[in-house]
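Just below is one structure, and these are the notes that go with it.
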Amino acid sequence: MKMNAQLSASATAARAHQEMFAYWASLRRGASLPSRVDLHPSGIKRMLPTVSLTDVKRGSEGAIDYRLRLAGTGLYSVYGREITGRTLEDVYNSAAVEYWRRELDKVVNERRPGVGVHSLAWKGSPHMSILWLRLPLASNGRDVDMILGYDAVVGAQAADQHSGIRAA
């Protein structure tokens, strides 16, 4: 039974990822990336609890840094605290910072979506993972200055934890 529940949650997460990707793709204008102003919460209403917006900050030496501009309310139970306004270093341990920096750098530099699975073992929850999707946004249609994120929590979790995943 537990395995079936996990597979069902994973399938639901994958469908939500497809839905979020389709929404993002619908905002593109030819080869131009969508921008933050193109996003309308009503278009992704059921996914909002685990949506995030990450600012891409370019330094004078070409270094890129990331700050979470917005983190949906469903992410509070994942991280155990509010992460809006925080940098990667404020949220994660050093190994997880390296992982996220590498993945976000790919989204920024390649101007393409990224997807993956990240274990929550770093925060003491080895039985849970995030199935994540990161979508590039660009004010000028080309240079990524923000990343739209969607996280689906999969794995065993307490019944009272809100994952942001709902059955269709």
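The values are calculated or read from the model by the stated rules, or taken from the named source; none is laboratory data. Note that the coordinates shown come from a computational prediction; the quantities given were computed from them, not determined experimentally. Here the Cβ positions follow ideal geometry from the backbone for every residue, glycine too, while neighbour counts run over all protein chains shown. When the accessible area is computed, the model is the full protein with side chains, heavy atoms only, and any ligands, DNA or RNA have been set aside. Shrake-Rupley method; radii C 1.70, N 1.55, O 1.52, S 1.80 Å.
Any idea which of Leu75, Leu133, Leu120 is under 21 Å from Ala11 (Cβ atoms), out of contact with any Leu (no Cβ under 6 Å at 6 or more places or on another chain) and touching a residue at least 60 places away in the same chain (Cβ under 8 Å)? Checking each option against the conditions leaves just Leu133.
When Glu89 is tested against (1) in a helix (DSSP H, G or I); (2) closer than 23 Å to Ala25 by Cβ; (3) open to solvent by 60 Å² or more (accessible area, probe 1.4 Å), only condition (2) is not met. Taken over region 21-47, the criterion of being surrounded by fewer than 16 Cβ atoms within 10 Å (Cβ to Cβ) and within 14 Å of the chain's Cα centre (by Cα) is satisfied by Phe21 alone. Only residues that are within 20 Å of Val56 (Cβ to Cβ), of a type in the set (Lys, Arg) and outside any strand (DSSP E or B): list them for region 92-136, please. Residues satisfying the conditions are Arg101, Arg102, Lys106, Arg111, Arg112. Return yes when His127 is free of Cβ contacts under 8 Å to residues at least 24 places away in the same chain and either within 13 Å of the chain's Cα centre (by Cα) or open to solvent by 50 Å² or more (accessible area, probe 1.4 Å) (or both) and no when it is not. Spelling it out, it is not the case that His127 is free of Cβ contacts under 8 Å to residues at least 24 places away in the same chain and either within 13 Å of the chain's Cα centre (by Cα) or open to solvent by 50 Å² or more (accessible area, probe 1.4 Å) (or both).
Go through (1) loosely packed, with under 12 Cβ neighbours inside 10 Å; (2) farther than 16 Å from Val153 by Cα; (3) without any contact (Cβ under 8 Å) to a residue 12 or more places away in the chain and name the single condition Ala95 misses. The failed condition is (3).
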